[in-house]
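Asks: My structure is below; once you've seen it, I'll send some questions.
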Amino acid sequence: MLSAIVNRRVGLMVFGFAAAFVLWYASVKWLPFPAFRRLPDPVGVLQEWLSRDPAYGISVFTADYYVHILYSTYRATTAFALAVVLGVPLGIMMGWKTTVREYSDALLTLLRPIPPLAWVPLAILLFPGTEPAVIFVVFLVAFYATTLNTWVGVRAIDVAYFRAALCLGARPVDVLRDVIIPGAMPSIFTGLQIAMGAAWFSLVAGEMIAARYGLGYVIWEAYNLIQYPTIVIGMVTLGFVGYVCSALIRVAGDRLMRWHQKNIGAVRG
Amino acid sequence: MRSVASAPATAVNGAVTIDAVGKVYGETVVALEDCSLEIAAGEFLALVGPSGCGKSTLLNILAGFDHPTRGTVTLDGAPLASADRAAHPGPDRIVVFQEGALFPWKTVLDNVTYGLKVQRQTAPEEARARALDMLARCGGLDRVAHQFPGQISSGMQRRVELVRALINDPKMLLLDEPFRAMDTVSKGRMHQHLLDIHAQFPKTVFFITHDLEEAILLADTVAVMTTRPGRIRSRVAVDLPRPRHARMIASERFVALKEQLIAAVHEEALKAFERGERELA
Amino acid sequence: MAAKGRTQNAVARLFAHWRGAVAIVAFVLVWQILGTMSSTFGGKIPTPTQVTQTFFASFVDDPRYWRNWAASFERVLWGFGFAQLFGIPLGIALGLSRTTEEIVFPVFEVLRPIPPLAWVPVSILFWPTHEASIIFITFIGAFFVIVINVFDGIRHIPERYFWLATSLGATPWRIFLRIVLPAVIPSVAVGMTLGIAITWDVLVAAEMIAGDLGLGRLTWEGYVSNTPEIVIVGMISIGIAGYLSARIVDYIEARLMPWAQHDPKFRGRR
């Protein structure tokens, strides 16, 4: 019974991908619209991607491919790590102590509507070089997401847990370690996943605008040099790497929060 | 962390005096007014009254989550709360909450030993041994010592929470409608468990509830609070013999006590209702 | 009488938030100091006063500036609008039909992590006009968000509602109207709120990369001409525009769900 269901799911999924593939191929090759003709076709992309000697220099067999991936990953993870190191403590303090929140809330709300990518030109003008500028912008995005979600997570902790801990004789450091951090953990990890996604998203923009290596750069260069299949290679790789990074965070979170998995019903809320 | 001034002069342990306590929120909301109550050491006192009359406010003041705007509270002769004294919760009076506040991210055992751990006066091995012992004595709960609260039933959770409180040897236990969210059968079992635990570890207990039968069954004294602003309007001594059991509910004396309480509470509820109507109109 | 009380309340709250005001003032002061200091080192950071001066001198009266506003807003409207138009039905279809979900969702999930801006070259290649290609990018940004939220919202409708309706004799169409649609509204609201922020973000970048008019373009021109004042004016304009859009979406949300103002349960799902 179960295997039949699983087979059906897998079957339909394969069908979905196959259909998308065929649609893509058909629309590029056979539709009488010039717009579609200009797009790279899936077969061409695959050939290029898997070829030992790609026409445009990027395939699974070239070192350059991995160099670009590395650059992008390095930027994303550096900015992300910085955002976590600064954002989580700030979020915790904002959620815990009203005074901290009052100081930071107004400032953050004021700066928030400015899209992170709008900072790119300024960052480039002000920072000594493009690398720090790009990392800075990515950091901003990840920082916001992390701080906000951490803050919300701390606020959402039921006040009864705080009270219980105090009744039992907990001091502030105990409350931090035993109530705030575990209580906000689920929210923090959600925030981290969002931050990671947002980091990749702005990284690409930064790279397209101003960098010399990286997947965003690959995409933009390929477009400028009329190397269309490479565009798609870059896009798909981006999606994949970004997904893997988010998944890693999710797995890390699951391991740290075994108790969350094991609870059959919420103890409270 | 405040330390409760231990009062060697008095032999009692856990005697509470609430003296003309008042609590006003903002400028206008008077939750408590001229509320006075004496609780003897080791007495099990149940507080009943209409919704919103201020029972939880009083509990919060006793627990140290809030402070009165007027009046004083003393514990064994030492001042506990007053208008000019910031509230400080502590392990001399521990609360068991309505919907349970076991830390879901700690195992049962870690929950129970938590108080001892943060008070830093007991070695971890000794704390663990004591915890397992108490858990065993409260209905064989040592079986689930290494599970998470989300994995055990709510009745067990409540019992574990009681153990978590009692292991710290508090002077007073504060229970804020702890069984409110439970179904009748579980509730009945919990009553029996609580009576057993109280017999093993007698403490002063301050128990808030809506359920009059529960109050009479469990308590030595039942106090009735008026509608807002809350005052203690009457005390009824429950002279049923201990150990109590559920069958007593049908006894004559029980029924008489219940009728007495119903009359008192009903009158207050009616006043609250009428005032509510007037405020809306 | 009531109005006077409300004003008094507002003033009181303003005063209560003095810490926030302090933080903002401190921020501006630090900025001013850094800016003045930097000019002795090579003149990079414009001060708040310089920015304000530039704004009032060259932008407030320049119709081109306001045309940039209009251009950006128009694109946001189109991209966001199309995203809702296509995204909501797709989300509903995914939520209601297992088969559709099993076929379409995997492909959707593979496409979703691709940052919208990575679509820029493909978009430029494909669409005949510049405008269309930019609008397409903003569409991508909001589209995935709304689909996910609507899909999630439908999946969380308790099955009992369907059973109840069927046992009462409702036709599929009525079930759709009376149960599915109302359940979708909170999710749409959340999707829109998230979507509008993403839309602006994406739009600004798309304009920087490939636009000819618009607030993002304006910021980019400031960069290219090495005039940071213009860059900052651009950034602040974008910030204000984004804020206004968010307020508009909030207003729509309040009209769609008047009951949600008072019941936190209806805040919808992330």
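The values are calculated or read from the model by the stated rules, or taken from the named source; none is laboratory data. None of the values given here were measured: they were computed from a predicted structure. A quick note on method: Cβ atoms are made from the backbone with ideal geometry, for glycine too, and the neighbour counts reach across all protein chains shown. In case anyone asks, the SASA skips ligands and DNA or RNA and just uses the protein heavy atoms, side chains included. Shrake-Rupley method; radii C 1.70, N 1.55, O 1.52, S 1.80 Å.
Asks: Being within 13 Å of chain C (Cβ to nearest Cβ) and surrounded by 24 or more Cβ atoms within 10 Å (Cβ to Cβ) is the filter here; which residues of the range A:124-139 pass it?
Replies: A:Val134, A:Val137, A:Val138 - these are the residues of the range A:124-139 that are within 13 Å of chain C (Cβ to nearest Cβ) and surrounded by 24 or more Cβ atoms within 10 Å (Cβ to Cβ).
Asks: Which residue is most open to solvent (accessible area, probe 1.4 Å), if the candidates are limited to the range B:111-127 and must be within 9 Å of chain A (Cβ to nearest Cβ) and either closer than 12 Å to A:Ala165 by Cα or outside any loop (DSSP other than H, G, I, E, B) (or both)?
Replies: B:Lys117
Asks: Does the range C:141-149 contain any residue that is farther than 20 Å from C:Ala70 by Cβ, among the polar types (S, T, N, Q) and more than 11 Å from chain A (Cβ to nearest Cβ)?
Replies: Taking every residue of the range C:141-149 in turn, at least one turns out to be farther than 20 Å from C:Ala70 by Cβ, among the polar types (S, T, N, Q) and more than 11 Å from chain A (Cβ to nearest Cβ).
Asks: Taking C:Val11 as the residue in question, decide whether it is at pLDDT below 85, hydrophobic (A, V, I, L, M, F, W, C) and under 26 Å from C:Ile232 (Cβ atoms).
Replies: no
Asks: I'd like to know if the range A:97-107 contains one or more residues that are at pLDDT below 90, surrounded by fewer than 24 Cβ atoms within 10 Å (Cβ to Cβ) and more than 11 Å from chain C (Cβ to nearest Cβ).
Replies: For the range A:97-107, residues at pLDDT below 90, surrounded by fewer than 24 Cβ atoms within 10 Å (Cβ to Cβ) and more than 11 Å from chain C (Cβ to nearest Cβ): present.
Asks: Among the residues of the range B:141-197, how many are in contact with a strand residue (DSSP E or B) (Cβ under 9 Å, 6 or more places away or on another chain), assigned to a helix (DSSP H, G or I) and among the acidic types (Asp, Glu)?
Replies: 1
Asks: Among helices (runs of 4 or more DSSP H) lying entirely in the range A:153-269, which contain 1 or more residues that are over 30 Å from B:Val96 (Cα atoms) and more than 14 Å from chain B (Cβ to nearest Cβ)?
Replies: Output list reads A:181-210, A:215-224, A:228-256.
Asks: Tally time: how many residues in the range B:129-141 are without any contact (Cβ under 8 Å) to a residue 40 or more places away in the chain, surrounded by fewer than 18 Cβ atoms within 10 Å (Cβ to Cβ) and in contact with a helix residue (DSSP H, G or I) (Cβ under 7 Å, 6 or more places away or on another chain)?
Replies: 2
Asks: Quick check on this structure: which one of B:Leu80, B:Leu58, B:Leu47, B:Leu62 is more than 9 Å from chain A (Cβ to nearest Cβ), open to solvent by less than 30 Å² (accessible area, probe 1.4 Å) and either in contact with a helix residue (DSSP H, G or I) (Cβ under 7 Å, 6 or more places away or on another chain) or in a loop (DSSP other than H, G, I, E, B) (or both)?
Replies: Step by step, each of B:Leu80, B:Leu58, B:Leu47, B:Leu62 is checked, and only B:Leu47 is more than 9 Å from chain A (Cβ to nearest Cβ), open to solvent by less than 30 Å² (accessible area, probe 1.4 Å) and either in contact with a helix residue (DSSP H, G or I) (Cβ under 7 Å, 6 or more places away or on another chain) or in a loop (DSSP other than H, G, I, E, B) (or both).
Asks: Specify which of the listed residues (A:Gly11, A:Gly16) is part of a helix (DSSP H, G or I), over 29 Å from the mean Cα position of the chain (by Cα) and facing chain C (nearest Cβ under 9 Å).
Replies: A:Gly11
Asks: If you scan the range B:88-106, which residues turn out to be more than 7 Å from chain A (Cβ to nearest Cβ) and either buried (at least 19 other Cβ atoms within 10 Å of the Cβ) or in a helix (DSSP H, G or I) (or both)?
Replies: B:Asp92, B:Arg93, B:Val96
Asks: For the range C:237-253, give me each residue that is closer than 15 Å to C:Phe73 by Cα and either open to solvent by 40 Å² or more (accessible area, probe 1.4 Å) or more than 15 Å from the chain's Cα centre (by Cα) (or both).
Replies: Of everything in the range C:237-253, those that are closer than 15 Å to C:Phe73 by Cα and either open to solvent by 40 Å² or more (accessible area, probe 1.4 Å) or more than 15 Å from the chain's Cα centre (by Cα) (or both) turn out to be C:Ile240, C:Tyr243, C:Leu244, C:Arg247, C:Ile248.
Asks: Here's a follow-up. Give me the residue from the range B:181-234 that is within 18 Å of B:Asn60 (Cα to Cα), modelled with pLDDT under 85 and not β-branched (Val, Ile, Thr) and, out of that set, surrounded by the most Cβ atoms within 10 Å (Cβ to Cβ).
Replies: Only one residue fits best here, namely B:Gly230.
Asks: Please enumerate the residues belonging to the range A:148-165 that are without any contact (Cβ under 8 Å) to a residue 12 or more places away in the chain and in contact with a Phe, Trp or Tyr (Cβ under 8 Å, 6 or more places away or on another chain).
Replies: Correct list: A:Arg163, A:Ala164.
Asks: Within the range C:67-89, identify whether any single residue is among the basic types (Lys, Arg) and over 26 Å from C:Ile252 (Cα atoms), and answer yes or no.
Replies: Among the residues of the range C:67-89, not one is among the basic types (Lys, Arg) and over 26 Å from C:Ile252 (Cα atoms), which makes the answer no.
Asks: Let me ask another. Any residue at all in the range A:59-69 that is of a type in the set (Asp, Glu), open to solvent by 60 Å² or more (accessible area, probe 1.4 Å) and modelled with pLDDT of 80 or more?
Replies: yes
Asks: Also, I was wondering about something else. Can you name the number of the only condition in (1) away from chain C (no Cβ under 12 Å); (2) of a type in the set (A, V, I, L, M, F, W, C); (3) within 20 Å of the chain's Cα centre (by Cα); (4) open to solvent by 20 Å² or more (accessible area, probe 1.4 Å) that A:Trp119 fails?
Replies: (1)
Asks: Considering only residues that are under 25 Å from A:Asn224 (Cβ atoms) and in a helix (DSSP H, G or I), which ones fall in the range C:216-253?
Replies: Once the filter is applied, which keeps residues that are under 25 Å from A:Asn224 (Cβ atoms) and in a helix (DSSP H, G or I), the range C:216-253 yields C:Gly216, C:Arg217, C:Leu218, C:Thr219, C:Trp220, C:Glu221, C:Gly222, C:Tyr223, C:Val224, C:Val231, C:Gly234.
Asks: Of everything in the range A:19-34 that's assigned to a helix (DSSP H, G or I) and among the hydrophobic types (A, V, I, L, M, F, W, C), which residue is farthest from C:Pro128 (Cα to Cα)?
Replies: A:Ala19
Asks: Give the residues of the range A:35-46 that are in a helix (DSSP H, G or I) and either touching a residue at least 12 places away in the same chain (Cβ under 8 Å) or of a type in the set (D, E, K, R) (or both), sorted by residue number.
Replies: A:Arg37, A:Pro42, A:Val43, A:Gly44, A:Val45
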